[in-house]
Amino acid sequence: MIIRKKALLYDIENMAFTIADTGENDRHTLHRVRDICQDGNIDRVARVLGLAYAHLLTVLQPVLVSSRINIDKEESCQPHDYRFNLREQSPMKFLLTKERKLKIKETAHEFMVCMVLADWLAITLPEAADVWKFRAEGCLEVLKDLIATIVASSFRGGFRRKLSPF
């Protein structure tokens, strides 16, 4: 599963523009909010994305094979993309359905976007930072609940029927 850095930056920039467009502060403050993905600020964004990725690796650890980068033949990973190698062996193969994988991917993407926005807004527009921090924590809780469900299901074992008819 790969989360593209380009897609993350696109969402971050769009949300920052929307926040600045709907803000009631002076023009200079709102202009700083919009500049989140510009040349001088992109380094800060990259560092926060790296921290969010590291945090996700610890949360998703029970369903990951490893955190090292492997490039599949069918899905290439760019140097700055974020890759999660999900377990594909039994019993995880049956517990990690397409729907669960998609939910993990979309929630992880949203978590990373919210973490960057919370960090950036804490600097440029402090009154709006708490909303994004709260959203990031919500995404993290959804991921933890999903992982707990998958792990609990993997330890249950199969259904067994007694051989006796009574």
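What follows is calculated from the coordinates using simple rules that are stated; it is not laboratory data. Nothing here was measured: the structure is a model prediction, and the numbers come from that model. FYI the Cβ positions are ideal-geometry reconstructions off the backbone, even for glycines, and counts take in every protein chain you see.
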> Which distance in nm do the two modelled labels at K103 and E141 give, with both placed 7 Å along the Cα-to-Cβ direction?
Replying inline: 1.6 nm
> Given R₀ = 30 Å, FRET efficiency for D130-M1 by Cβ-Cβ distance, to 0.05?
Replying inline: 0.50
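At 0.36 nm per residue, minus the direct Cα-Cα distance, what do S153 and A122 gain on full extension? Give it in nm, one decimal, please. Spell out each step's value before the answer.
Numbers: separation 31, 0.36 × 31 = 11.16 nm, distance 3.93 nm.
Contour length minus the Cα-Cα distance gives 7.2 nm.
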